[in-house]
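J.: My questions all concern the structure below.
The values are calculated or read from the model by the stated rules, or taken from the named source; none is laboratory data. Keep in mind that this is a model prediction, so the values were computed, not measured. FYI the Cβ positions are ideal-geometry reconstructions off the backbone, even for glycines, and counts take in every protein chain you see. Surface areas here come from the heavy atoms of the whole protein model, side chains and all, with no ligands, DNA or RNA. Shrake-Rupley method; radii C 1.70, N 1.55, O 1.52, S 1.80 Å.
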Amino acid sequence: FGPDDYLYIGMGDGGGSGDPQETAQDPDRLLGKMLRIDVRNGAPYTIPPDNPYVGATDTLPEIWAFGLRNPYRWSFDRETGDLWIADVGQFEWEEINFTPASSSGGENYGWDITEGFNCFEPPTDCDTAGLYRPIFEYGHDGGRCSITGGVVYRGCAIPDLDGWYIFGDYCTGEIWRLKVDDTGAVITPFPTEMFDIGNIDLAAIGEDIYGELYVPELNTGRVVKLVHDGAVEDYCAGPCCVGIRGNVNGDSGENVDLPDVIYLVNALFQGGPPPPCPAEANVNADPQGDIDLLDVTYLVNALFLGGPAVPACP
């Protein structure tokens with residue numbers, strides 16, 4: 001779901017090397033497109049009135065954008081609403097498309113006229129007029145084979161990554177970061193590898209409700225969490241992992257103390273500022289992860305009435 005509450009659907013071109021059915025550029029096919037529909041009212045869905053092809057007689061109204069081969073994967077920046085699409089290439093080039101939140105749709109990302117910045121069909125002198133060009137491409141050197149898109153980091157654990165788009169390669173397991181400036185220009189000419197998680201099948205880079213990053217390793221079955229200084233740690237699925245590390249109010253001390261209680265009560269009931277990182281304030285480690293009166297009760301009991309200690313993540 002996008003920041004506008006509409007459902008976006010990234011469609012591959014339907015398979016067959018080189019899009020032999022030419023679906024990605026066909027306005028009468030849903031394949032090879034980004035679709036946008038409203039599933040909140042009516043069954044099975046309705047068309048948002050501001051979709052770019054509403055009322056057109058030659059283009060399906062569900063279509064938001066054209067020219068995708070295999071959008072694997074794509075996401076919205078939770079802070080800005082910008083759309084990032086990692087589109088898997090055919091033989092040589094992997095690409096990233098960046099579309100600002102101000103877009104009204106109708107982009108044509110190029111496939112199968114282009115692959116990355118390069119002509120695909122025809123292989124030379126292709127007509128790129130009107131195409132929405134990617135911001136980044138990379139080739140298949142060093143065993144790289146297929147881009148795996150991720151998310152723009154908006155978590156708390158790795159402050160230096162705030163605002164950076166995190167993505168990687170399926171075959172090598174390399175994970176990189178990339179950023180654009182206010183004009184949409186790429187800041188890094190080639191992203192720096194950020195995390196060394198070994199040679200894995202990098203199926204996805206996901207985020208939790210707090211913006212922290214996780215990677216499922218398809219060939220091992222592990223899920224790892226990306227943490228500070230480029231390190232990773234095994235994901236703990238137990239209830240301890242939604243508990244706090246010992247500091248609700250974000251002060252320099254790491255101990256849970258009376259200022260934490262005051263801060264939490266003020267945040268919940270007096271209109272005070274929320275905890276700097278919400279993940280750090282689910283004191284009682286209930287599975288909902290919400291900050292509520294039970295957290296205040298638990299914290300007071302733990303600090304002053306001899307109750308059980310505040311759980312902490314390993």
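J.: So, of the residues in the range 120-144 that are among the hydrophobic types (A, V, I, L, M, F, W, C) and either at pLDDT 95 or above or part of a loop (DSSP other than H, G, I, E, B) (or both), which turns out to be surrounded by the most Cβ atoms within 10 Å (Cβ to Cβ)? Steps first, answer last, please.
T.: Initially, the range 120-144 is screened for residues among the hydrophobic types (A, V, I, L, M, F, W, C), giving 120, 126, 129, 131, 135-136.
Checking the rest, the ones that are also either at pLDDT 95 or above or part of a loop (DSSP other than H, G, I, E, B) (or both) come to 120, 126, 129, 131, 135.
On the way: 120: 21, 126: 16, 129: 5, 131: 17, 135: 17.
Within the range 120-144, the match that is surrounded by the most Cβ atoms within 10 Å (Cβ to Cβ) is 120.
J.: List every residue pair whose Cβ atoms lie under 6 Å apart, where the two residues are 6 or more positions apart in sequence or sit on different chains, the first residue falls within the range 105-128 and is closer than 16 Å to residue 26 by Cβ, and the second residue, located anywhere, is open to solvent by 30 Å² or more (accessible area, probe 1.4 Å) and not hydroxyl-bearing (Ser, Thr, Tyr).
T.: Correct list of pairs: 106/52; 111/69; 112/120; 112/121.
J.: So, in the range 145-155, of the ones that are among the hydrophobic types (A, V, I, L, M, F, W, C) and in contact with an Asp or Glu (Cβ under 6 Å, 6 or more places away or on another chain), which residue ends up surrounded by the most Cβ atoms within 10 Å (Cβ to Cβ)? First the steps, then the outcome.
T.: Initially, the range 145-155 is screened for residues among the hydrophobic types (A, V, I, L, M, F, W, C), giving 145, 147, 151-152.
Within this subset, residues satisfying the condition of being in contact with an Asp or Glu (Cβ under 6 Å, 6 or more places away or on another chain) are 147, 151-152.
Numbers: 147: 28, 151: 23, 152: 23.
If we take residues in the range 145-155 being among the hydrophobic types (A, V, I, L, M, F, W, C) and in contact with an Asp or Glu (Cβ under 6 Å, 6 or more places away or on another chain), then 147 is surrounded by the most Cβ atoms within 10 Å (Cβ to Cβ).
J.: Can you find, within the range 1-22, the residue that is surrounded by the most Cβ atoms within 10 Å (Cβ to Cβ) among those that are within 27 Å of residue 103 (Cα to Cα) and of a type in the set (Ser, Thr, Tyr)?
T.: At the first step, the residues of the range 1-22 found to be within 27 Å of residue 103 (Cα to Cα) are 1-14, 19, 22.
Among the residues that remain, those that are also of a type in the set (Ser, Thr, Tyr) are: 6, 8.
Numbers: 6: 20, 8: 18.
Among those residues, the one meeting the criterion is 6.
J.: Within the range 105-114, can you find the residues that are over 13 Å from residue 34 (Cβ atoms) and open to solvent by 10 Å² or more (accessible area, probe 1.4 Å)?
T.: If the condition is that a residue be over 13 Å from residue 34 (Cβ atoms) and open to solvent by 10 Å² or more (accessible area, probe 1.4 Å), then 113 is the only one that fits.
J.: Let me ask something else about it. Can you tell me which residue among 40, 73 is touching a residue at least 24 places away in the same chain (Cβ under 8 Å), basic (Lys, Arg) and surrounded by fewer than 20 Cβ atoms within 10 Å (Cβ to Cβ)? Give the derivation first.
T.: Working: 73 fails: surrounded by fewer than 20 Cβ atoms within 10 Å (Cβ to Cβ).
That would be 40, the only listed residue that is touching a residue at least 24 places away in the same chain (Cβ under 8 Å), basic (Lys, Arg) and surrounded by fewer than 20 Cβ atoms within 10 Å (Cβ to Cβ).
J.: Given the criteria closer than 18 Å to residue 31 by Cβ, touching a residue at least 12 places away in the same chain (Cβ under 8 Å), open to solvent by less than 40 Å² (accessible area, probe 1.4 Å) and among the polar types (S, T, N, Q), does residue 99 qualify?
T.: Values: closer than 18 Å to residue 31 by Cβ: no; touching a residue at least 12 places away in the same chain (Cβ under 8 Å): yes; open to solvent by less than 40 Å² (accessible area, probe 1.4 Å): yes; among the polar types (S, T, N, Q): yes.
It is false that residue 99 is closer than 18 Å to residue 31 by Cβ, touching a residue at least 12 places away in the same chain (Cβ under 8 Å), open to solvent by less than 40 Å² (accessible area, probe 1.4 Å) and among the polar types (S, T, N, Q).
J.: Now for a separate question. When you scan the range 1-119 for strands (runs of 3 or more DSSP E) that lie fully inside it, which ones turn up with 1 or more residues that are closer than 22 Å to residue 168 by Cβ?
T.: Working: elements: 7-10, 34-37, 63-65, 71-76, 83-87, 94-99.
Because the criterion is at least 1 residues that are closer than 22 Å to residue 168 by Cβ, the strands (runs of 3 or more DSSP E) in the range 1-119 that meet it are 7-10, 34-37, 71-76, 83-87, 94-99.
J.: In the range 76-87, how many are surrounded by fewer than 22 Cβ atoms within 10 Å (Cβ to Cβ) and either of a type in the set (A, V, I, L, M, F, W, C) or under 10 Å from residue 137 (Cα atoms) (or both)?
T.: Initially, the range 76-87 is screened for residues surrounded by fewer than 22 Cβ atoms within 10 Å (Cβ to Cβ), giving 76-82.
Remaining after also requiring either of a type in the set (A, V, I, L, M, F, W, C) or under 10 Å from residue 137 (Cα atoms) (or both): 76.
Of the residues in that region, 1 qualify.
J.: Of the residues that sit in the range 156-181 and are of a type in the set (Asp, Glu) and open to solvent by 10 Å² or more (accessible area, probe 1.4 Å), which one is nearest to residue 89 (Cα to Cα)?
T.: Per the stated criteria, the residue is 174.
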